[in-house]
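Remarks on the structure that follows.
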Amino acid sequence: MGAGSWGTTFAKLLCDAGGEVTLWGRRPDLVDAVNERRENTDYLPDVP
């Protein structure tokens, strides 16, 4: 899944349903932030 707003939302739905998801991002700063905080503050803030 891409790490934009749609990919992050869909990844969350799949995870909540028990699926295993890999989120791909092209911006290293965003990827690092998602890995550290376990949320995508750029596209889906305040949603773990």
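Within the range 15-40, restricting attention to residues that are touching a Pro at 6+ places or on another chain (Cβ under 9 Å) and outside any helix (DSSP H, G or I), the residue that is surrounded by the fewest Cβ atoms within 10 Å (Cβ to Cβ) is 38. Every listed requirement among (1) open to solvent by less than 60 Å² (accessible area, probe 1.4 Å); (2) in contact (Cβ under 8 Å) with a residue 12 or more places away in the chain; (3) part of a helix (DSSP H, G or I) is met by residue 12 save one, (1).
Condition check ((1) at negative phi; (2) of a type in the set (Asp, Glu); (3) touching a helix residue (DSSP H, G or I) at 6+ places or on another chain (Cβ under 6 Å)) across all residues:
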site: 2; (1), (2), (3): yes, no, no
site: 5; (1), (2), (3): yes, no, no
site: 12; (1), (2), (3): yes, no, no
site: 25; (1), (2), (3): yes, no, yes
site: 29; (1), (2), (3): yes, yes, no
site: 48; (1), (2), (3): yes, no, no
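Of all residues in the range 21-39, those that are acidic (Asp, Glu) have Cβ atoms under 9 Å from Cβ atoms of residues that are open to solvent by 90 Å² or more (accessible area, probe 1.4 Å) and assigned to a loop (DSSP other than H, G, I, E, B), 6 or more apart or on another chain, in 39/46; 39/48.
The values are calculated or read from the model by the stated rules, or taken from the named source; none is laboratory data. As the structure is a computational prediction, the values presented were derived from the model and not from experiment. Positions of Cβ are backbone-derived with ideal geometry, glycine not excepted, and every protein chain shown enters the neighbour counts. Remember, those area values only see protein heavy atoms, side chains included, never the ligands or the DNA or RNA. Shrake-Rupley method; radii C 1.70, N 1.55, O 1.52, S 1.80 Å.
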